[in-house]
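For reference, the structure discussed in these notes is given below.
No lab work stands behind these numbers, since they all come straight from the coordinates. Owing to the predicted nature of the structure, the values given are computational and were not obtained by experimental measurement. Quick reminder, even Gly has a Cβ in these numbers, built from the backbone with ideal geometry, and neighbours come from all protein chains shown.
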Amino acid sequence: MGSSVRKGRAVLPAEQAARPSREQPHRAATEDYHHEAQNANNGQAITACCKNKDKDLQFKIQAYIDKNTVMIFSNTACSLSAKVKELFKSMSIPYCSLELDQTEDGQKLQDVLYELTMETSVPIVFVQQKQIGDYDKTLKAHKEGKIQKLLETKGHDHMQDSYDYDLIVIGGGSGGLAASKEAAKYGKKVMVLDYVTPTPQGTRWVKHSWETMTEAVQNYIGSLNWGYRVSLREKKVTYENAFGEFVGPHTIKATNNKGKEKFYTAEKFLIATGERPRYLGVPGDKEYCITSDDLFSLPYCPGKTLVVGASYVALECAGFLAGLGLDVTVMVRSILLRGFDQEMANKIGEHMEEHGVKFVKEFVPIKVEQIEEGTPGKLKVIAQSTDGREIIEGEYNTVLVAVGRDACTRTIGLDRVGVKINERSGKIPVSDEEQTNVPYIYAIGDVLEGKLELTPVAIQAGRLLAQRLYAGATLKCDYVNVPTTVFTPLEYGACGFSEETALEKFGEENIEVYHSYFWPLEWTVPSRDNNKCYAKIICNIQDNERVIGFHVLGPNAGEVTQGFSAAIKCGLTKAQLDNTIGIHPVCAEIFTTLSVTKRSGGNILQSGC
Ligand code: NAP
């Protein structure tokens, strides 16, 4: 034979195997990726230099194996050959097949092949140049995930040159756009697939308007979208308004809104598909209720509104609608702003209540019925107390459901490429480098398990990821001490631990809480809301009174929090705050003069400026 036969790998003399062939079947790109080899006669140059006929045939076989990620030696009349090809097709894995019965020297090739592989019948399958074997062995390897693994790991270098893109980002939100532009900056070929599935109310965000305000909002959103597209074009990132779905390793199907499908390959992928509002799952919710995605596209003023839910979105929408003078009720299942400092959350609720927002606590809707059609129409909401003892009814023009959001991960073919998700939440667990369990697939933003659902976090994670992947950087996204703001009528800014979490984590004896009310100067003359604005810091006594929690309730709380969060990132201590000279008379000044601890029970009420 002249060549050695090793288990699992047909090996030819290196100098021969490395020689290029002229008519090699090549891995196909995009749509036509199942390739049947036309002719096994592999080029005269090779044949001419091989004296030994067997060697020539071996070389031919080896060249097929070397050049193709998946190589199937088969026979057109063999049902198992057909089945094995079907198997790869079903996984959307491109392959090359050589029909030995249709090939010149087919029988001789088959004999040499049997000798090389010790397989006694076709089909004979190779994946990443590794011998898998006949149909049964291939099926077994597939069931055990071995084929997938071979394609993921060993395939990397071999396939690199032939991908359509270096990176395909699925999802054109803030995180995805940031990552794509950053990757393009480093000369990478990048594509963004972006698609908005309309809400049950048919909203796609940009078309409708609701009086002057909603028209202005829509115009602004339109200008943002335009700006995003322009900046992608400037950075040479390919943008496609199409729904992305994995169909096989390194391969994605993009379906546009006319149903036209295209296939693309990439070396790496980034999932940045975000979340969409969740519904209640009770009769009438999808038919008659709206979500925050619909609010600014409503072609009419919502009128008397019930907001269901008690977190960011619910309280922000309720506050804004009440601010427009509407009759607003919030239906709360348990507590306000779960996960936030509860003292602050309750102060927000009290302030909203004092300004006309009604709260129905410990109730959930069980049915929504339409009483009257119209713009707005009239809806009846039947709700049950959380202890199940009481049923109440109420009539509203609009019901806005804000009960959280679901990660958009269940329809993008993650199961086909083996990306694990948390089955309950749909969220994707990732390493501290935002890598999923499938090494070439990354994820950022709201789809991540156990991470903050905040736009700037996704942007930061996307940029840093692109820099690590393509610019040799090592900095990871720091998910600790992320500042955030709830834009309720009385704004709430926070960074670090809530008081209850700090007490639980460090113990009451190790925590010092400094706090005070403050009265913004501009509120003093109209005698507005005295002792409503509130500042609190939480310090770790065991660590030099380092500030581990920062909370402020008042005008421009977001502005205030942003600056202090940088100081907290630098390790701010109470002594450093005390040593900081305040700016009089701004709201943030209060943090430079905090002197009353909660433990002391001292008076924190303000009588004036
Ligand atoms: P969320 O934080 O997940 O809160 C869901 C709310 O809905 C909770 O109050 C929850 O009550 C309630 N709820 C859930 N299921 C319910 C049901 N079946 N019936 C009645 N109430 C129900 O959701 P979100 O407000 O939509 O916010 C999602 C994320 O977006 C947030 O985590 C936030 O990070 C981000 N966000 C940020 C901003 C900002 O930065 N300003 C603004 C908006 C959103 P329980 O407490 O009883 O579970």
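The share of Cα pairs per 10 Å bin across the stretch 92-134, counted from zero up to the longest distance, runs 26, 57, 17, 0 percent.
Taking each residue as 0.36 nm, the span from T255 to F320 lengthens on full extension beyond its C-alpha to C-alpha distance by 19.7 nm.
Once you reduce the stretch 371-415 and the stretch 217-231 to the center of their Cα atoms, the two points are 30 Å from each other.
Rounded to the nearest 500, the helix-only mean residue ellipticity at 222 nm of the chain stands at -9000 deg cm²/dmol, with each DSSP H run of n ≥ 4 adding -39,500 (n - 2.57). Computed over neighbours whose Cβ is under 9 Å from that of N540, the net charge equals -2, Lys and Arg +1, Asp and Glu -1. Given R0 = 45 Å, the distance between the Cβ atoms of E144 and D543 translates into a calculated FRET efficiency of 0.35. Per the Cα gyration tensor, the stretch 263-329 maps to an equivalent ellipsoid with semi-axes of 32, 15, 12 Å, ordered largest to smallest.
Label reach from Q201 (point 7 Å along Cα→C-beta): in the stretch 247-290, amide nitrogens under 20 Å belong to 275-290.
Is the shape of the stretch 327-416 best called rounded, prolate or oblate, per the rule: a/c under 1.5 gives rounded, else a/b larger than b/c gives prolate, else oblate, with a ≥ b ≥ c the square roots of the Cα gyration tensor eigenvalues? It comes out oblate by the Cα gyration axes.
Ranking of M118, M71 by neighbouring Cβ atoms within 10 Å, starting from the fewest: M118, M71. Projecting the Cα atoms of L280, Q384, H584 onto the dipole axis of the chain, where Lys and Arg carry +1 and Asp and Glu carry -1 at the beta carbon, places L280 farthest toward the positive end.
Among S74, S425, what is the fewest-to-most ranking by other Cβ atoms within 10 Å?
S425, S74
Cβ crowding within 10 Å ranks T291, T485 as T485, T291, fewest other Cβ atoms first. Other residues with beta-carbon under 15 Å from the beta-carbon of T484 carry, at +1 per Lys or Arg and -1 per Asp or Glu, a net charge of -4.
Quick one: of K286/K361; K149/K235; K185/K258; K55/K130, which pairs are farther than 30 Å apart, Cα to Cα? Checking Cα-Cα distances, K149/K235; K185/K258 exceed 30 Å. Spread over its residues, the convex hull of the C-alpha atoms of the stretch 545-609 is 100 Å³ per residue.
If you sort the three axes of the alpha carbon gyration tensor as a ≥ b ≥ c, you get a/c of 1.5 or more for the stretch 515-560 and a/b above b/c, which makes it prolate.
With K and R counted +1 and D and E -1, the other residues having a Cβ less than 12 Å from that of V438 yield a net charge of +2.
In this simple spin-label approximation, N346 and S121 carry label points 7 Å from Cα along the Cα→Cβ vector, and these lie 7.6 nm apart.
Per-residue extension of 0.36 nm, minus the Cα-Cα distance of D578 and E559, leaves a gain of 4.8 nm for this segment. Between S231 and Q370, how high is the FRET efficiency from 1/(1 + (r/R0)^6) when r is the Cβ-Cβ distance and R₀ = 51 Å? Nearest 0.05. Efficiency computed from Cβ-Cβ geometry: 0.70.
Between the alpha-carbon centres of the stretch 234-289 and the stretch 455-474 there is a gap of 22 Å. Using a ≥ b ≥ c from the Cα gyration tensor of the stretch 216-302 (square roots of the eigenvalues), is it rounded, prolate or oblate, where a/c under 1.5 gives rounded and otherwise the larger of a/b and b/c decides, a/b for prolate? Oblate, since a/c reaches 1.5 and b/c is not below a/b.
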